[in-house]
Amino acid sequence: MDVDATHRAVKIDGWGFWDPKVAAAFDSIVIEVCRGAPRGSDVSIDMGRLKPMRDEGQSAVAHVVSVLQQLKVGVISFSTTSHLTKLQLMRIVRDAAPKDRVSFT
């Protein structure tokens with residue numbers, strides 16, 4: 001995780017298989033870091049090495065996106081290398097944030 005206060009950007013990497021402990025850690029750490037970032041910071045989440053997520057991981061991502069919207073971050077962008085992961089993420093965040101606030105690549 002990297003916070004660039006000068007450019008108002010937060011970069012996050014998510015990878016591997018998330019068991020319940022990893023999902024909970026992702027949730028709490030990402031929210032804590034973004035709370036400390038400058039208001040309006042764009043958040044880039046690289047999920048290129050992420051394995052398909054179980055319910056705990058999906059809930060963690062949805063919660064993070066919802067809280068980040070409350071924190072008034074800028075755009076949240078997800079990048080993936082798997083079409084399956086991209087579709088899963090799109091489904092997860094569909095109800096958590098307005099479409100114009102989240103992008104997928």
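Just so it is clear, none of the values below were taken in a lab; they were calculated from the coordinates. In this text the structure is predicted, and so the values were computed from the model without any measurement. Note: ideal-geometry Cβ built from the backbone for every residue, glycine included; neighbour counts use all protein chains shown.
The trypsin sites (Lys or Arg not before Pro) of the range 20-93 that DSSP puts in a loop, and whose beta carbon has at most 13 other beta carbons within 10 Å, are ARG39, ARG54, LYS72. Taken one residue at a time, the phi angles of the range 26-41 give Karplus couplings (6.51, -1.76, 1.60, θ = phi - 60°) of 4, 4, 6, 5, 4, 5, 4, 5, 5, 4, x, 7, x, 4, x, 5 Hz. Gly and Pro are set to x. Here the relative contact order of the chain, from alpha carbon pairs under 8 Å that lie six or more residues apart, stands at 29 percent. Between the amide H of SER77 and those of VAL43, SER44, ILE45, SER103, distances stay under 5 Å, these residues lying 5 or more places away or on another chain, with hydrogens modeled in the peptide plane.
Between the C-alpha center of the range 1-48 and that of the range 50-66 there is a gap of 13 Å. In the chain, the DSSP-assigned H stretches of four residues or longer account for a calculated mean residue ellipticity at 222 nm of -13500 deg cm²/dmol, using -39500 (n - 2.57) per stretch and the full residue count as denominator. Taking 17 Å as the cut-off, the amide N atoms of the range 65-79 that come nearer than this to a point 7 Å along the Cα-to-beta-carbon line of ARG49 belong to 79. Starting from the Cα gyration tensor of the range 2-104, take the square roots of the eigenvalues, sort them a ≥ b ≥ c, and report rounded, prolate or oblate (rounded when a/c is under 1.5, otherwise prolate if a/b is larger than b/c, else oblate). Prolate. Taken over the chain, lysine pairs spaced eight or more positions apart, or on distinct chains, with alpha carbons under 18 Å apart number 6.
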